Amino acid sequence: MRSRAIWRRVCPLSTLYRRPLMKKLRQTLWPRLTVLGIGLLVWIAAPLIPGQDFDIKANYTKSEYMILMRDGVKLYTQVYVPLDKSQKYPILLFRTPYSVGYYEANRLRPFLGPNRSYAEEGFIFVYQDVRGKFKSEGEFTVMRPHKKNKQGPRDTDESSDTYDTIEWLLKNIPNHNGRVGQWGISYPGFQTVMGMIDAHPALKASSPQASPSDMWIGDDFHHNGAFRLMYTFGWLAHHAQTRAGTTEKGVQRFDYGTPDGYKFFLDLGPVSNVDKKYFHNRVPTWNEYMEHGDYDDYWKKQNVLQYLKNIEPAVLNVAGWFDAEDFYGPMSIYYTIEKENPQNRSTLVVGPWLHGGWARMDGDSLGNIRFDSKTGEYFRENIELPFFNFYLKDKGSLDLPEALVFMTGLNQWKSYDHWPPKETQETNLYLHAEGKLSFDPPSEENKNDSFISDPNKPVPYTAEIRTFQGHLWMVEDQRFAAQRPDVLVFETDVLTEDLTIAGPLIASLYVSTTGTDTDWVVKLIDVYPGDAPDNKPNPCGVRMGHFQMLVGADVFRGKYRNSFEHPEPFVPGQITKIEYDLRDKGHCFKKGHRIMVQIQSTWFPLIDRNPQKFTDIYHARESDFQKATHRVYRSLEYPSHIKVRILK
């Protein structure tokens, strides 16, 4: 009861819809929101920006085409061409499985391109339903693997479909300047990455934004082998059902029958119940996932990183520190391009955003956290549009660093010629007795902390009552979790000076369990001082004193500690090392704050329940789920710690 009381003061997103304005927005925008798939807040928070009053109909013509691919499949495509013929224009391409919408011939999009500035700037805008979705022909495959060695016209993938589309556009759309750019967020970001592979020579600039790269290692559907139940269930139910043919209509959203996702997924039982209870063979991709629990060839061939060689277009790679869906993707894509294509003009931009937040939000806050400036507006006006203008129009100058990141806590944009910055020093934060956290290693022998993990009473990932994953839990106050007996909490003394971390966070734990498998969740938290001022305005009465801001966290399925391909059981009671990447962060813990680490073994229903018994979890029975006692060691011989990079 206490944890829910805390959240009521945080003013959850759901309460917004009770207000008259939000009711009107819900009636007018919801049909669009359901097909775009990049997060509700991104779209309802659209700010007034340059081009707001630009008349699309008075300045552009809209045409519709069915573009022929090399294997005979036709893809539905909308093309917006400027009426002004005094100059030639570059083409800006957007490919999506979420529906391009606006299928009526006389109905035009309210704005064109990534934001409202682009239509007035002048481009030829192209929107395309990808293969197998909405009005395009063919069959849709979730994360369709790239075919490196194509033997003939029937060997198609997203790369070849992008190539064929660009080739058709250059031959059939007049008044272009011969240059093409591509952009997209989330799945359309993945389409952008695929377009960069074996790219058409005319593709000069690509901006993959929040693109996934590996759905088993670190993006939407799994993290380190742990199944992201809540998100995968909802996404596949809505976007991966079989269809009878081309259509303008999307699938109706799944009816959970309750606003309480925690209860819904707990009542579900093992994930093996999903198809027989709800999907009934209408979501074949779900059934495929259930047959590929380990990191086998099914998942490996979907990994786009292996194909990121000879990338020719200039790349603007965009990520959000608080992206709940795809943060591993853009970071791993950046690292791989840098390694495999050192000559490429690649830039990394990371801001304090949720999934796609840079596209529509002001970016001056997220939940209860304030960033002191409109970071989204800054990105759109000073980074994204100048990038496309420079490479597609030879317009203006482009003075972008290798990495431009917004350091939260400091609340400042910082430029670096390398990421992570070379000016960092790797340091360990060690676990100590009595819940202490320190840069000093432990000196005691045979010390540990234990907790009992019960799969029937898993730790919730959020204190909010919801059925879809949402975004704000990425910066949520963690006091609701700290109160649980199955969450270990470690905290530093009050910091006497600012401490800034930049780069990967590595959790290195020495653990044991009475079971034969378990998950491990490690969270890095910024604890505000007791006298921290409340936000102004503060309509929900949120108290920021001792607020526990989630900075970074991730999960690891223990049976994969030695190999993602070949899982191994734990030996009950045997001390075992678990080490994994919590992903990059750029954050300043301010003077007067504390650093906290929380450790737990459940994170529900964000992550499915581990039976704590070595088994094929996707086919586990209810009787397989058991309580287990977990121990985390903090001794001279077994010094559990979090490895951070401190910026000097």
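Quick notes on this one:
- Search result, residues across the stretch 490-527 that are under 21 Å from the mean Cα position of the chain (by Cα) and surrounded by fewer than 21 Cβ atoms within 10 Å (Cβ to Cβ): GLY503, PRO504, ILE506
- Residues located in the stretch 363-379, provided they are outside any strand (DSSP E or B) and under 19 Å from the mean Cα position of the chain (by Cα): GLY363, GLY367, THR375, GLY376, PHE379
- Residue check for ALA359: within 27 Å of GLU476 (Cα to Cα), among the small types (Gly, Ala, Ser) and surrounded by fewer than 21 Cβ atoms within 10 Å (Cβ to Cβ): no
- When the stretch 118-132 is filtered for residues that are over 22 Å from the mean Cα position of the chain (by Cα) and either free of Cβ contacts under 8 Å to residues at least 12 places away in the same chain or assigned to a loop (DSSP other than H, G, I, E, B) (or both), the ones remaining, listed by number, are GLY122, PHE123, ARG131, GLY132.
- Enumeration of residues in the stretch 242-270 that are closer than 18 Å to GLU622 by Cα and out of contact with any Phe, Trp or Tyr (no Cβ under 6 Å at 6 or more places or on another chain): TYR262, LYS263, PHE265, LEU266, ASP267, LEU268, GLY269, PRO270
- Residue within the stretch 390-406 that is touching a helix residue (DSSP H, G or I) at 6+ places or on another chain (Cβ under 6 Å), within 25 Å of LEU366 (Cα to Cα), touching a residue at least 60 places away in the same chain (Cβ under 8 Å) and not basic (Lys, Arg) present: yes
- Where THR232 falls short, out of the listed (1) over 30 Å from ALA507 (Cβ atoms); (2) part of a helix (DSSP H, G or I); (3) open to solvent by less than 10 Å² (accessible area, probe 1.4 Å); (4) out of contact with any Pro (no Cβ under 6 Å at 6 or more places or on another chain): (1)
- Residue that is farthest from GLY234 (Cα to Cα), among those in the stretch 278-294 that are touching a residue at least 60 places away in the same chain (Cβ under 8 Å) and outside any helix (DSSP H, G or I): ASP294
- Criterion (without any contact (Cβ under 8 Å) to a residue 24 or more places away in the chain and either of a type in the set (Asp, Glu) or farther than 20 Å from ASP326 by Cβ (or both)) met by exactly one of GLY138, GLY152: GLY152
- Each residue in the stretch 247-277 was checked for being within 24 Å of the chain's Cα centre (by Cα), touching a residue at least 40 places away in the same chain (Cβ under 8 Å) and more than 17 Å from HIS222 (Cβ to Cβ), and 8 pass.
- Residue in the stretch 286-304 that is closer than 30 Å to ARG380 by Cβ, open to solvent by less than 60 Å² (accessible area, probe 1.4 Å) and modelled with pLDDT of 95 or more present: yes
- Within the stretch 333-345, the set of residues being surrounded by fewer than 24 Cβ atoms within 10 Å (Cβ to Cβ) and either touching a Ser or Thr at 6+ places or on another chain (Cβ under 9 Å) or hydroxyl-bearing (Ser, Thr, Tyr) (or both) comprises TYR335, THR336, ILE337, GLU338.
- Filtered residues of the stretch 596-629 (kept if part of a strand (DSSP E or B) and either touching a Leu at 6+ places or on another chain (Cβ under 9 Å) or among the β-branched types (Val, Ile, Thr) (or both)): MET596, VAL597, GLN598, ILE599, GLN600, PHE604, THR629
- Count of the stretch 468-517 residues which are farther than 23 Å from LYS457 by Cβ and not β-branched (Val, Ile, Thr): 16
- Residues that are open to solvent by 10 Å² or more (accessible area, probe 1.4 Å) and either farther than 21 Å from ASN382 by Cα or among the acidic types (Asp, Glu) (or both), drawn from the stretch 100-126: GLY101, TYR102, TYR103, GLU104, ALA105, ASN106, ARG107, LEU108, ARG109, PRO110, GLU120, GLU121
- Unique residue being of a type in the set (A, V, I, L, M, F, W, C), out of contact with any Pro (no Cβ under 9 Å at 6 or more places or on another chain) and open to solvent by 10 Å² or more (accessible area, probe 1.4 Å) when the list is ILE599, ILE646: ILE646
- Qualifying residue in the stretch 544-557 (condition: in a loop (DSSP other than H, G, I, E, B) and open to solvent by 10 Å² or more (accessible area, probe 1.4 Å)): yes
Here's the yes/no breakdown for (1) open to solvent by less than 50 Å² (accessible area, probe 1.4 Å); (2) in a helix (DSSP H, G or I):
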{"position": "ALA244", "(1), (2)": "no, no"}
{"position": "GLY250", "(1), (2)": "yes, no"}
{"position": "GLY257", "(1), (2)": "no, no"}
{"position": "LYS263", "(1), (2)": "no, yes"}
{"position": "ASN273", "(1), (2)": "yes, yes"}
{"position": "LYS276", "(1), (2)": "no, yes"}
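- When the stretch 434-454 is filtered for residues that are assigned to a strand (DSSP E or B) and under 18 Å from LYS523 (Cα atoms), the ones remaining, listed by number, are LYS436, LEU437, SER438, ASP449, SER450, PHE451, SER453.
- Among (1) modelled with pLDDT of 95 or more; (2) under 30 Å from GLY113 (Cβ atoms); (3) touching a Ser or Thr at 6+ places or on another chain (Cβ under 9 Å); (4) outside any strand (DSSP E or B), the one test that PRO208 misses: (4)
- In the stretch 423-454, residue most open to solvent (accessible area, probe 1.4 Å) [restricted to those that are out of contact with any Asp or Glu (no Cβ under 9 Å at 6 or more places or on another chain) and more than 30 Å from ASP584 (Cβ to Cβ)]: GLU434
- Inter-residue pairs, beta-carbon under 9 Å, first open to solvent by less than 30 Å² (accessible area, probe 1.4 Å) and in the stretch 624-638, second acidic (Asp, Glu) and assigned to a strand (DSSP E or B), 6+ apart: VAL632/ASP449; TYR633/ASP449; ARG634/ASP449
- In summary, helices (runs of 4 or more DSSP H) completely within the stretch 6-117 and bearing 1 or more residues that are at pLDDT below 50 and either acidic (Asp, Glu) or touching a helix residue (DSSP H, G or I) at 6+ places or on another chain (Cβ under 9 Å) (or both) occur at 20-36, 40-44.
- Filter pass, LEU305 being under 28 Å from LYS204 (Cα atoms), within 22 Å of the chain's Cα centre (by Cα), outside any strand (DSSP E or B) and aliphatic (A, V, I, L, M): yes
The values are calculated or read from the model by the stated rules, or taken from the named source; none is laboratory data. Every value quoted in this text rests on a predicted model; they were computed, and no experiment measured them. Please note: Cβ atoms are built from the backbone with ideal geometry, for glycine as well, and neighbour counts cover all protein chains shown. Side chains are part of the model used for accessible areas, which takes the heavy atoms of the whole protein and leaves out ligands, DNA and RNA. Shrake-Rupley method; radii C 1.70, N 1.55, O 1.52, S 1.80 Å.
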